[in-house]
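Structure, as structure tokens:
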Amino acid sequence: MSKNQYNFLKRKYINDQKWNECVERNSDLPYALTWYLDCVADNWSALVLRDYEAVFPIVWKKKLGIQIVYTPFFCQQLGLFTDSNHPSFESTCIKFLQRKFLFCDLNLHYNSVAESSKFLKLRYNYILPLNQPYEKIAENYSKNTLRNLAKCKLHHIYLEHYSDVKKFSYFYEKYNGQNIRGYNSEHTRKLERLIEECIKRTKGEIVAVYTIPQNPPVALLFYIKHQNRIINLAPVTLREARETGGMFFIIDSLIRRYAETNTILDFEGSSIESIARFYKGFGAKQQNFWTYRHTILDTFLMPFYKNH
């Protein structure tokens, strides 16, 4: 593929309509939509094939004066968005990253055609199709999941829509952020922007569960509804209320609500065994994606790798 067939574009030169049409046409994931990236990324540019036949977003920031490519929080899978006519363009994009950036840590989505290499690491997501009746889906719940749902009944848990975005973001930072490497208050502000934008576009909702009216919620979830996917984007369980099984109740409520529809519940991970076990407890199945990573040392050794 000759170089003049694609362009490296700064954000301000990207045609939002053509870009988003390409992403929507070729993926059920929202992460690469322009408005989504504008919410979560420090900066982003892109490789665009001809007249938006394929697009490859590149999220970057400066660290110690060096531009590095990274995967932002709340943006699990990026990579190449194209139809089946241009799968080889992904390799072109990866080679571009190797030439232009000294450091890159980028997640490639589940439809990636990435080949095995020393620069790729397999990652795990979990999904649950909801195209069957609720009773049929619940047959695959684990004993632990059923036990926690029974616990919810004892605590008389109930679910409501939650509208306080700033308070939700505060809960997320307090109960989740301190356990996430690299997370800080700037990411909380980005989360707020993302939630507000999703709600404005009717693509997201915050729900919360309570045991006693007027008391703080025991668990909350911000989820995104995009095309046929419900994405479990930002779950929060308050530590003092873990014994109520609140998050089990929220997930079960979503399954009840969307059962017998052409919807996939996307749990968004995880490689952490305890979290993966929670997702698998609802009958979720593993869906792989990849992380592409190279460092400053790798960029200097690229010619060596190619010759061996």
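The values are calculated or read from the model by the stated rules, or taken from the named source; none is laboratory data. As the structure is a computational prediction, the values presented were derived from the model and not from experiment. Every residue, glycine as well, gets a Cβ built from its backbone with ideal geometry; the counts of neighbours run over all protein chains shown. These area figures cover heavy atoms from the full protein model, side chains too; ligands, DNA and RNA do not enter into them. Shrake-Rupley method; radii C 1.70, N 1.55, O 1.52, S 1.80 Å.
What percent does the relative contact order of the chain come to when contacts are Cα pairs within less than 8 Å and at least six residues apart?
Values: 530 pairs, mean separation 71.8, N = 308.
Dividing the mean separation by the residue count of the chain yields 23 percent.
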What angle, in degrees between 0 and 90 and rounded to the nearest 10, separates the Cα long axis of helix 89-100 from the longest principal axis of the Cα atoms of the chain?
70
Between Tyr210, Ser142, Ile14, whose Cα lies farthest towards the positive end of the dipole of the chain when Lys and Arg beta carbons carry +1 and Asp and Glu beta carbons carry -1, centred on the Cα centre?
Ile14
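How much area per residue is accessible in the chain when the probe is 1.4 Å and only protein heavy atoms are counted (Å²)? Walk me through the numbers on the way to the answer.
On the way: 15380 Å² over 308 residues.
So the chain comes to 50 Å² accessible per residue, rounded to a whole number.
Given only helices, namely DSSP H runs of n ≥ 4 each adding -39500 (n - 2.57), what is the per-residue ellipticity at 222 nm of the chain, to the nearest 500 deg cm²/dmol?
Numbers: 10 runs with 106 residues, N = 308.
Helix contribution divided over all residues of the chain: -10500 deg cm²/dmol.
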Quotient of C-alpha Rg and 2.2 N^0.38 Å, computed over region 1-67
1.14
Taking GluC sites (Glu not before Pro) in a DSSP loop with at most 11 other Cβ atoms within 10 angstrom as exposed, one finds the longest site-free stretch of the chain at 140-308
For the chain, give me the percentage of DSSP beta bridges that are antiparallel, rounded to the nearest 5 percent.
90
With each label point set 7 Å from Cα along the Cα-Cβ vector, what nm distance links His161 and Lys12?
3.9
Under the classification rounded if a/c is under 1.5, otherwise prolate if a/b is larger than b/c and oblate if not, where does region 92-211 fall, given a ≥ b ≥ c as square roots of the Cα gyration tensor eigenvalues?
oblate
The chain, accessible surface, carbon-and-sulfur percent (1.4 angstrom probe)
50
If amide H atoms are modeled at 1.01 Å from N in the peptide plane, then the residues at a separation of 5 or more from Ala54, or on another chain, having amide H under 5 Å from its own are Leu49
Just flag the trypsin sites (Lys or Arg not before Pro) in region 91-145 sitting in loop per DSSP whose Cβ has no more than 11 other Cβ atoms within 10 Å.
Lys118
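Over 21 Å between C-alpha atoms is what I'm after, so list which of Lys10/Lys61; Lys100/Lys190; Lys143/Lys285 land there.
Values: Lys10/Lys61 13 Å; Lys100/Lys190 27 Å; Lys143/Lys285 17 Å.
Result: Lys100/Lys190 exceed 21 Å.
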Three-way shape label, region 160-217, alpha-carbon gyration tensor, a/c 1.5:
oblate
Using only the Cα atoms of region 161-299, build the gyration tensor, take square roots of its eigenvalues as a ≥ b ≥ c, and label the shape rounded, prolate or oblate: rounded if a/c is under 1.5, else prolate if a/b is larger than b/c, else oblate.
rounded
Report, in degrees rounded to the nearest 10, the 0 to 90 angle that the Cα long axis of helix 246-258 makes with the longest principal axis of the chain.
80
